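Worksheet: one structure, shown below.
Computed from the coordinates by the stated procedures, all read-outs in this text should not be read as laboratory data. Model, not experiment: these values are computed from the prediction. Note that each Cβ is placed from the backbone with ideal geometry, even for glycine, and that neighbours are counted across all protein chains shown.
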């Protein structure tokens, strides 16, 4: 059966996602992750969906594909407004600005059913932090209540969760899986604001410098981002006149980085599913140090040192095993005061959120 391409608005013109205050961009992203099964199957594969079908879906969200990289496990799409990762059995899409991400949900569900035979959603995650310019958002993203109502109308067994300081909240909606299945999926996300101005200079286009991938590669070198995952396959991109995005693939894991460097609305995000123990192994572990904790802390510290935020929120999802791992990972970091910490156990996952302010 052929997929009926949706009627969609054209991609956004330059500047459409900017605030009325000149030069301000809505950096904080909306993140949607949809699993159609707990593991890849031979019969169903989202990676077999034609590129034109994804392009039509993304046009509805109001973003376009800039570049794509692949490995044996996943396809990583660098978007005009952030990123999309497609695995055989799941999809993650993250968009910033005034994009309408949740409008993609029914389309993705239709695509998965028609092209891959997935009859239902196994589980779903949707999250974001507080918007910098909430008045710029359009439906169904004008409020958290509106987003929850929209999600409830499309999936079952959903739960909404809010954490964080009143002026810097973090929102999560997730569904309970239809059936229990083991998972090795772990995710660390770092959301940073009030970024150091000097640290942001490399994220501006230099005179006569090409934008796109060549400029992105220069940013990787100048900032030290290339050292975070030196073995990863990386697709980085420098925007005009400033701004940066990158996708990386390493075995079955991915990472993605997005940077808005303007001082009046500075924001950077880092998200990874690459196991910290593999990417940041400890050379020597004392008897009182847990490598699962210390490797994750090394990763967070490295990223924070590159961007030097005035404030940041860190979240950690890890398969249920030992809650102390996520709890101890979000211990105090030198130079920062921890202002918030929340620990929860969701179906199959230990979760911790912590917020920090520079001292």
### Task
Starting from 0 in steps of 10 Å, tell me what percent of the Cα-Cα pairs of region 293-356 lands in each bin.
22, 55, 21, 2
### Summary
Taking a ≥ b ≥ c as the square roots of the Cα gyration tensor eigenvalues, with a/c under 1.5 meaning rounded and otherwise prolate when a/b beats b/c or oblate if not, region 244-304 comes out oblate
### Task
Find the percent of Cα-Cα distances in the chain that exceed 27 Å, and round it to a whole number.
44
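For the residues 63, 265, what sequence is obtained by ranking on other C-beta atoms within 10 Å, fewest first?
Values: 63 26, 265 19.
Fewest-to-most ranking of 63, 265: 265, 63.
How long are the three semi-axes of the equivalent ellipsoid of region 210-334, in whole Å, if each is the root of 5 times an eigenvalue of the C-alpha gyration tensor, listed from largest down?
Semi-axes from the Cα gyration tensor: 28, 17, 12 Å.
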### Label point distance in nm, residue 251-residue 135, each placed 7 Å from Cα along Cα→Cβ
4.9
### Query
Can you give the convex hull volume per residue for the Cα atoms of region 170-224, as a whole number of Å³?
168
#### Entry: Rg(Cα) / (2.2 N^0.38 Å) computed for region 24-125, rounded to two decimals
1.02
### Task
Apply 1/(1 + (r/R0)^6) to the Cβ-Cβ distance of residue 357 and residue 24, taking R0 = 30 Å, and write down the FRET efficiency to the nearest 0.05.
0.85
#### Entry: Descending semi-axes in Å of region 119-174, equivalent ellipsoid built from Cα gyration tensor
22, 14, 8
### Task
May I ask you to sort 295, 245, 324 by Cβ crowding, counting other Cβ atoms within 10 Å and putting the fewest first?
324, 295, 245
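Order the peptides 106-112, 117-123 from the highest to the lowest mean number of other Cβ atoms within 10 Å of their residues. Intermediate values should be presented prior to the final figure.
Working: 106-112: 19.0, 117-123: 17.0.
Put in order of decreasing packing, that is 106-112, 117-123.
So for 144, 170, fewest C-beta neighbours within 10 Å to most, what's the order? Don't skip to the answer; put the middle values down first.
Values: 144 16, 170 22.
So the ranking, lowest neighbour count to highest, is 144, 170.
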